[in-house]
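Undergrad: To start, I am sharing the structure in question, which I have written as structure tokens.
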Amino acid sequence: MPTKIKLLFVDDDRFMRQSFVELILHYEYQIMTANDGRDALEKLENYPADIVITDIVMPSMDGLSLLREIQARHPNIFVVVVTHSSRIEEAVKCMRAGAYDYILKPFVFNSIISVIEGIISVGRLPENGRSRRNRRLGGSDFFGIVGKDQAMKAIYRQIDSLANTNANVLITGEAGTGKEITARAIHENSLRKSRPFIRVNCTAMTERIANRRLFGQETGAAPGPAAVEAGYVEAAEGGVLFLDAMGALPLTSQASLLQCIETRMFRRVGGTRSVKSNVRMFGATSRDLAKQAKEARFREDLLLRINVVSIHLPPLRDRLLDIPLLIDHFLEKFNARARRRISGIRDDALEILQQYPWPGNVRELANVIENAAIFCRGRQIVPADLKEIQRESSGKRIHLTLSSWSLDHAEEALIRGALYETRGNLKQAAKTLGIARGTLYSKMKRYGIERSR
């Protein structure tokens, strides 16, 4: 028989302890109670609990202090904190300190069961997993995020600290700074990494369809069976729902999402029964949601629930020393895809990129390097390959001008571009260029362009 999950319930209210024990006996869990933090620590010396569920406000030792002691003495124990809905800030503080999740009073007992089942479903954290992540913290590539800037290293540490929690996360930053790849890095570094990661573009959802897209719908007339269409929340079950451009979410859907976060239940549009939900929420925005909340355009209570942990991504102009690392990263991807051997970028070309203000951030740099690689004639990117950048420096704007190129250079660049876009398909590339396939082949030989296989 599998070992029963061991629970320790900590609360200074005797009635709450008795009620919890009576309710939990209906489930296949072992249960022990403690009347405060110090009592809990004494019990844990002889009772190897898997999950500790603790009130926050207690005499002698509060929940936050108990959490920190458990982390120091018993790092493999999951801690879930309980507090009144009017004191959500205390729960958020505990989540930031490493609690797995929080539950609000007065709570529906099913919400606690949902959290316990969620912990069981995502599995326990292997001891070697944490050390493997820590070894990666010193590198320049952390789960697909590239950079060694101090601000980026701080972000790596934040991601690592989130591994063993169920904390909702708000990722902020300008467009193009890498909010989605950061969300995916958190997911890949977490207990839920084997479960779905569902991205939702909130700008694409109008008020009329938002709830249907998020929560699904049921159609059909009684007494026949209803046709069920699952929504994004259901698709992300056990994993992560990533709400991109969250500030664009309609207010009516914000209310439904808040209820889903608080109760871990939702109801499909047109449905009559509630459905359990075990989903971790990530939000991303380039907007000031606090300002929107003051203007009643975003729910303040939803912002508090989603912004348990906040990660702010710096703009590329503030991490210019990472540009060479990012260029190498993008060239490596380009070479693998286009079967090219571009080894890097010349110093004078790199200087141009480090002087550019990068309004489109990392996404813009990726596009510039890909474009430059297509038109690159040699083994290194040179300034002539960067002329598509419209940059302002000392009041001057540089434009791409074909007049500065030789005819051969322009022709070679067009051929390389066509081959890249068609994934090396000569027939399609020749059609794109408006020339015969044989002519294309001879020109490829002339310019030393290898045929992709």
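Read the figures in this text as sums done on the coordinates, not as results from a lab. Only a predicted model underlies this, so the values are computations on that prediction, with no experimental measurement involved. Don't worry about glycine lacking a Cβ; one is built from the backbone with ideal geometry, like all the others, and counts go over all protein chains shown.
Undergrad: Based on DSSP, what percent of beta bridges with both residues in the chain are antiparallel, to the nearest 5?
TA: Details: 9 of 49 bridges.
Here the share of antiparallel DSSP bridges comes out near 20 percent.
Undergrad: Tell me the chymotrypsin sites (Phe, Trp or Tyr not before Pro) within region 189-295 that lie in a loop according to DSSP and have at most 13 other beta-carbon atoms within 10 Å.
TA: Details: sites: Phe197, Phe215, Tyr232, Phe242, Phe266, Phe282; in loops: none.
Taking region 189-295 and a limit of 13 other Cβ atoms within 10 Å, no loop chymotrypsin sites (Phe, Trp or Tyr not before Pro) are found.
Undergrad: Can you give the longest run of the chain that contains no GluC sites (Glu not before Pro) sitting in a DSSP loop with at most 10 other Cβ atoms inside 10 Å? Numbers along the way, then the final one.
TA: On the way: sites that count: Glu28, Glu45, Glu295.
No qualifying site falls inside 46-294, the longest such stretch.
Undergrad: Then there is this: Please enumerate, by chain and number, the lysines with C-alpha under 30 Å from the C-alpha of Lys179, excluding those fewer than 8 residues away in the same chain.
TA: Correct list for Lys179: Lys93, Lys148, Lys153, Lys193, Lys276, Lys291, Lys294, Lys333, Lys387.
Undergrad: In Å, what Kirkwood hydrodynamic radius results for the chain from the alpha-carbon pair distances?
TA: Numbers: mean 1/r = 0.0393 Å⁻¹.
Computed over Cα pairs of the chain, the Kirkwood hydrodynamic radius comes out at 25.4 Å.
Undergrad: Using R₀ = 41 Å, calculate the FRET efficiency as 1/(1 + (r/R₀)^6) where r is the Cβ-Cβ separation of Arg423 and Ser194; round to 0.05. Numbers along the way, then the final one.
TA: Details: r = 31 Å, r/R0 = 0.76.
So the FRET efficiency works out to roughly 0.85.
Undergrad: Related question: Given charges of +1 on the Cβ of Lys and Arg and -1 on the Cβ of Asp and Glu, with all other atoms neutral, how large is the dipole of the chain about its Cα centre, in debye to the nearest 20?
TA: Working: 67 positive and 52 negative charges, 410 e Å.
About 1960 debye.
Undergrad: Could you please report the charge total around Arg212, scoring K, R as +1 and D, E as -1 over all other residues with beta-carbon less than 9 angstrom from its beta-carbon? Write down the numbers at each step before the final one.
TA: Numbers: positive: Arg208, Arg213, Arg268; negative: Glu229.
That sum, taken over residues with Cβ under 9 Å, equals +2.
Undergrad: Any chance you could run the full-extension gain for Arg346 through Glu42? It's 0.36 nm times the residue separation minus the Cα-Cα distance, nm to one decimal. Before the final figure, lay out the partial values.
TA: Working: separation 304, 0.36 × 304 = 109.44 nm, distance 6.39 nm.
Working it through step by step, the gained length comes to 103.1 nm.
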